[in-house]
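Down below is the structure, laid out as structure tokens.
The values are calculated or read from the model by the stated rules, or taken from the named source; none is laboratory data. Fair warning: this is a prediction, and the values are worked out from it, not measured in the lab. Here the Cβ is made from the backbone with ideal geometry for all residues, glycine too, and neighbour counts use every protein chain on show. Please note that ligands, DNA and RNA were not included when accessible areas were found on the heavy atoms of the full protein model with its side chains. Shrake-Rupley method; radii C 1.70, N 1.55, O 1.52, S 1.80 Å.
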Amino acid sequence: RAGQVSAPRLARAPAAAGAGVRSIDPDGTVLVTGGTGGLGAVFARHLAARHGVRHLLLVSRRGPDAEGAAELAAELAALGAQVRIEACDIADRDQVAALLGALDAPLTAVVHTAGILDDGVIESVTPDQLARVMRPKVDAAWQLHELTADLDLAAFVLFSSGASLFGNQGQACYAAANGGLDALAQRLRADGVPATSLAWGLWAEGLGMAGRIHGTNVVRIESSGVALLPVERGLDLFDHSLGLDIPLLAPVQLDLAALRAQARSGSLHPLLRGLVRVPVQAAAPAGGSLEQRLAGVPEDERGSLVLDLVQAQVAAVLGHESGAAIDPDRAFKDMGFDSLASVGLRNRLSTITALRLPATLVFDHPTAAAVARYLLESVEPAAPATAGPAADDGAEIRAVLASIPIERLRRAQLLDTLLDLARGDVPEDRSGSGAGGGAIDDLDAEALIRMARGGSVGA
């Protein structure tokens, strides 16, 4: 169940003969990258305590100098494990090869948890940013695969992220890097390697990405229907994944009530539509588009209505209970907005207004009042239709005139007169008489239709 275990099979590549499912050998060495970090340390303890692993190689950028590394080593030793904590650039082939060549026990499993964040919307991403995020994720995973290709591994586990599946707002580099891990796992398993990519959701207790992003961003992610994953549940899902012959799994704790609310508003992510019942007309914004909402509102009240709408969405992005807390003239950057919040506000407003809004909305219009003015200028409430034959006839005449070739108007000696009419300059000697024996003022839609079809004006 998505709201409980939340590990749906999102992709599966056919496994080659012999890939299968195997348990981790407790007498072999397990390599944990990012081993002194939050998730790395949690899984190192888990491997020693629950899987009985006796040889652990934990690598990280700072190695034994990392905060808490000595205490972690002592704790693992108390669990009966022999642990080596080493400083290593895991994307550096020579460094990794040297480590693997000096093991006391053969390597039997890899758990790749390493990674960094460098948030930004896709339009702002630089090549250096992308390379910085890709290196410890994808580059390192590929190096690890090549250096262990001849070993009889029981597991090759890559820690990915739900960002690769759902496209988290403002995390272009991170989503791309984790998408690379997902693709690599599918390729390797098809080649017979027991590789699995785990696209984790948001961890509780500040672990993983949750420990590196601003609190308001955590609130925003939770409001999207992704709940915090308890650590013990995450460990159980990790163990469950080891028993599945599947290259890509999504251990994500979902909030089904939030997903139902998104389904009602038409904003539910396509990947999740099979998990909750979607109303038939979910695609329409609740309450109608902004144009529909404004159609029956007096002109002097429209600005206030739109501002209230914007303030409510700003409050939702920042985690406030009410839009009343939002100063309409205060700059978004002074409220703590970053790229994630900016994209989130733009997406929310796009959904509820049914307008196609630019990605730079918040940067171009840096206050709630400015955004409200932009929205008001972007939509014109539909004017009530004018009844009566005169209005209908005028619309028909304009449509017919637009369909008549210029050369035909010239041959009928009407082109100059029509141009004069467009300029509002109709000489007296031409306003009272027209070509073909009829005055231009006397032409009706039927006569023009005949002319458009090739007949004469006076036919």
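If you plug the beta carbon distance of D300 and A131 into 1/(1 + (r/R0)^6) with R0 = 56 Å, you get a FRET efficiency near 0.55.
How do the peptides 93-104, 126-137, 40-51 rank, highest first, by the average count of neighbouring beta carbon atoms within 10 Å per residue?
Packing proxy ranking, top to bottom: 40-51, 126-137, 93-104.
Simple spin-label estimate for S378 and D65 gives 5.0 nm between the two label positions (7 Å along the Cα-to-Cβ direction from each Cα). Given the C-alpha centroids of segment 348-362 and segment 304-333, what is the distance between them in whole angstrom? Comparing the Cα centres of segment 348-362 and segment 304-333, I get a distance of 15 Å. Averaging Cα coordinates gives a centre for segment 225-245 and one for segment 93-119; these two points are 23 Å apart. With a Förster radius of 51 Å applied to the C-beta separation of S350 and A105, the computed FRET efficiency comes to 0.40.
Give me the 1.4 Å probe accessible area per residue for segment 18-156, excluding ligands and nucleic acids, in Å². Write down the numbers at each step before the final one.
Values: 6280 Å² over 139 residues.
Result: 45 Å² of accessible area for each residue.
Summarising the amide proton neighbourhood of E86: residues at separation of 5 or more, or on other chains, whose placed amide H is nearer than 5 Å comprise L58, V59, S60.
Multiplying the sequence separation of R50 and D152 by 0.36 nm and subtracting their Cα-Cα distance, what value in nm do you get?
34.5 nm
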